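Asks: Here you go, one structure.
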Amino acid sequence: MIGLTGLGTLVRLILRRDRWLLPIWILLPAVLVGATASALGDLYPTEEARRQFATMMSANPGITAFLGPLYGSSVGALTAWRTAMFGVVLGGLPALFSVIRHTRTEEEAGRRELIGSAVVGRHAPLTAALLVLSIQAMLMGGGVAMALVVVGEATAGAVATGSAWAGLALFCAGLGALIAQLVENPRTARGIGGAAIAAAYLIRIAGDLGGDDWSWLSWLTPVGWLHAVRPFAGEQWGVLALLGAGAVIFGFLGYFLSGRRDLDAGLIAPRLGPPLASRRLRSPLALAGRLHRMSIAGWTAGIAVYGLIVGGLGPSIVDVFDDNPQLREMFERLGGEGALIDIFLSAGLGMLGLLAASAAVQAALRLRSEEQSGHAEALLATSVDRSRFMASHAILVAAGPSFAMIVGGLVTGIAYGATTGDVPSQAGRLLAAAMAQIPAVLVLGGMTLALFGLVPRFAMGAWGLLTGFLVLGQLGAILGLPRWVMNLSPFAHVPAAPSVAVRMTPLLLLTAAAAALTVAGFRGFERRDLTGV
């Protein structure tokens, strides 16, 4: 093919750079799915128990919104349903962001131009990224299928589950290839990609909860297709073609557009600002605020929408709990003891906390991208010292996600209060419960700042920590993990408000841990060399 000179060398370069990440993204899904299948088999050993459990889950709109529709009652079907959201987190998002990282980020850092000065074809970098991500997706899907077969599930369902995971990862890789051509800033590209996946998730929720009149919405999103494959419940193999077709179309558009733009430029021209900044922007904090404002706005809007769903669905959970002790037990594991409706709300607010933690990690990693792009070096060449530079971003790392949690808690309370006719008291109560999540969110921000300051090469590992805490929170109880393992997550120490009373001691300890991690990050950044382009 034309323009692929040097493809093998670039593939080896990507494999070298991702030698630690690739095994994690390939093996972790297989381990997670296999362990979940084994645990569900132990929890519900008979067909009758599984059927009752499946009936309860399917009857609850809140569960359907969180996890998607459930189509069967076998161990395999329950496993495919329970782990589908991790197909997005562990399969789709890493593929999307990896393609952007190996294409658009390389151009911004100047390495793409350096590589292009050698004997390298124009399409070789994009092809190398897609080739490696395709192999990763296939190996991940094969691992998921193999794990299900090993624990004794039917081969056809196992292959369908693995294929759905792999298909979604390929779809997202193609989407990343397209988005990387549109804008010249990798952060904007990642924001567009993340917003697209979030929108797909919300559209799937609307389709699954809207009844027959709105079920077509689920067929508009790749997240809906992930569930529509129906592993272990009459596999719909044709749906995989939609994922494959989407990957091919987006990938083709990526190639087509990459040949029609200049290197280091996007098809959407950035809006030029005034030649001189206003006096309001002439400080490191003002600059950081401008850099973070769109990200904070996006996360706040997403968390508010999620809070609206949680609060609006709250009353519907009561009827299901009254008749289903097993569902009651599951939510007690997630949210602690207390009023059942509050247990549901506390579980929902816990998910809001994880979303806010994602915002904190992203905001803290902005420091790393500023350093790699050379912007930090230029700023530090002025009268701004390292402490002021890092502090300007650290303030936003703490304030942005905290503001998002406050808005999310307030929206959840208003939505729930509107259904009960008591908006003032419910809004205040759930706002306080949401704010109890903030110390754990700050710990994630502090961890990321510590990685940036002490071991910047591993700063991206903050996403791995967040993923691990998500797995512990969502599947730790089902997998029967020891308490000390569960306690590794900062969210395990947050009082499950509003179902239980808030105790200040763990919140103060979490805040102190976040402060200590942040200080460690500051100390590390002040003492190390910049590692720029």
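Asks: Taking a ≥ b ≥ c as the square roots of the eigenvalues of the Cα gyration tensor of segment 449-533, is the shape rounded (a/c under 1.5), prolate (a/b larger than b/c) or oblate?
Replies: It is oblate, given that a/c is not under 1.5 and a/b is not larger than b/c.
Asks: In nanometres, what is the gap between the two model label sites at Ala195 and Ala418, each 7 Å from Cα along Cα-to-Cβ?
Replies: 2.4
Asks: With θ taken as phi - 60° and the coefficients 6.51, -1.76 and 1.60, list the Karplus ³J(HN,Hα) couplings across segment 133-142 in order, rounded to whole Hz; mark glycine and proline as x.
Replies: Those phi angles translate into 5, 5, 5, 4, 5, 5, 5, 4, x, x Hz.
Asks: Provide Rg over Rh for segment 48-201; use the alpha carbon set for both Rg and the Kirkwood Rh (inverse mean inverse pair distance).
Replies: Here Rg/Rh amounts to 1.10.
Asks: Say each of Ala516 and Ala59 gets a label point 7 Å from the Cα, pointing the same way as Cα to Cβ; how far apart are those two points in nm?
Replies: 4.8
Asks: Whole-Hz Karplus ³J(HN,Hα) for segment 99-104, in order, using 6.51 cos²θ - 1.76 cosθ + 1.60 and θ = phi - 60°, x for Gly and Pro?
Replies: Computed from phi, the couplings for segment 99-104 are 5, 4, 5, 8, 10, 5 Hz.
Asks: For segment 359-435 and segment 218-287, write down the distance between their C-alpha centroids in whole Å.
Replies: Using only Cα atoms, the two centres lie 24 Å from each other.
Asks: Starting from the Cα of Val31, step 7 Å along the direction of its Cβ; do the same at Arg282; then give the gap between the two resulting points in nm.
Replies: 5.4
Asks: Just subtract the alpha-carbon distance of Val502 and Ala49 from 0.36 nm times their residue separation and send over the number in nm, one decimal.
Replies: That pair, Val502 and Ala49, stretches by 159.6 nm at full extension.
Asks: Which whole-angstrom value gives the distance between the alpha carbon centres of segment 503-526 and segment 80-155?
Replies: 34
Asks: Take the Cα coordinates of the chain, assign each an equal point scatterer, and use the Debye formula without solvent to give log10 I(q)/I(0) at q = 0.05, 0.11 Å⁻¹.
Replies: -0.20, -1.02
Asks: Right, another one. Starting from the Cα of Arg111, move 7 Å in the Cα-to-Cβ direction to define the label point; list residues of segment 167-204 whose amide nitrogen is under 12 Å from there.
Replies: None, by backbone N distance to the label point.
Asks: Counting only trypsin sites (Lys or Arg not before Pro) that sit in a DSSP loop (anything but H, G, I, E, B) with at most 11 other Cβ atoms within 10 Å, what is the longest stretch of the chain containing none of them?
Replies: Longest stretch, sites excluded: 283-533.
Asks: Turning to a different aspect of this structure: Using 0.36 nm times the number of residues separating Arg293 and Ile395, minus their current alpha carbon distance, what extension gain do you get?
Replies: 35.5 nm
Asks: Under 14 Å from a point placed 7 Å out from the Cα of Arg523 along the Cα-to-Cβ direction: which residues of segment 436-459 have their backbone N that close?
Replies: In segment 436-459, the label zone of Arg523 (backbone N under 14 Å from the point 7 Å along Cα→Cβ) covers 450-451, 453-455.
Asks: Per residue, how much accessible surface does the chain expose to a 1.4 Å probe? Answer in Å², no decimals.
Replies: That works out to 43 Å² for each residue.
Asks: If you look at just the Cα atoms of segment 218-288, how large are its Rg and its Dmax in Å?
Replies: Spelled out, the Cα radius of gyration and Dmax of segment 218-288 are 22.0, 64 Å.
Asks: Summarise the long-distance tail of P(r) for segment 145-288 by giving the % of C-alpha pairs beyond 27 Å.
Replies: Tail fraction, whole percent: 42.
Asks: Can you work out the PRE-style zone for Phe256? Point 7 Å along Cα to Cβ, and I want the residues of segment 170-203 with backbone N under 19 Å.
Replies: Zone members listed by number: 171-183.
Asks: Moving to a separate point now. So how long is each side of segment 112-191 along the principal axes, counting just the alpha-carbon atoms, biggest first, in Å?
Replies: The principal-axis extents, from largest down, are 53, 30, 14 Å.
Asks: Counting Lys and Arg as +1 and Asp and Glu as -1, each charge on the Cβ, what is the dipole of the chain about the Cα centre in debye, to the nearest 20?
Replies: 1920
Asks: Hey, if you drop one equal point scatterer on each alpha-carbon of segment 1-62 and run the Debye formula without solvent, what base-10 log of I(q)/I(0) do you get at q = 0.13, 0.16, 0.18, 0.25 Å⁻¹?
Replies: -0.62, -0.71, -0.80, -1.01
Asks: At a 1.4 Å probe, what is the % contribution of carbon and sulfur to the accessible area of the chain?
Replies: 66
Asks: Provide the per-residue ³J(HN,Hα) series for segment 476-490, in order, calculated from phi with Karplus coefficients 6.51, -1.76, 1.60 and θ = phi - 60°, each as a whole number of Hz, with x at glycine and proline positions.
Replies: x, 5, 5, 7, x, 5, x, 4, 5, 5, 4, 6, 5, 7, x
Asks: With each run of n ≥ 4 DSSP H residues scored as -39500 (n - 2.57), what mean residue ellipticity at 222 nm is computed for the chain after dividing by its residue count and rounding to the nearest 500 deg cm²/dmol?
Replies: -24500 deg cm²/dmol
Asks: At a 1.4 Å probe radius, which order do Tyr44, Tyr71 fall into by accessible area, largest first?
Replies: If we order Tyr44, Tyr71 from most to least accessible, we get Tyr71, Tyr44.
The values are calculated or read from the model by the stated rules, or taken from the named source; none is laboratory data. Note that the structure is a prediction, hence the values are computed from the model and not measured. Cβ sites come from the backbone with ideal geometry, for glycine too, and all protein chains shown count toward neighbours. Just so you know, the surface numbers come from the protein's heavy atoms only, side chains and all, with ligands and any DNA or RNA stripped out. Shrake-Rupley method; radii C 1.70, N 1.55, O 1.52, S 1.80 Å.
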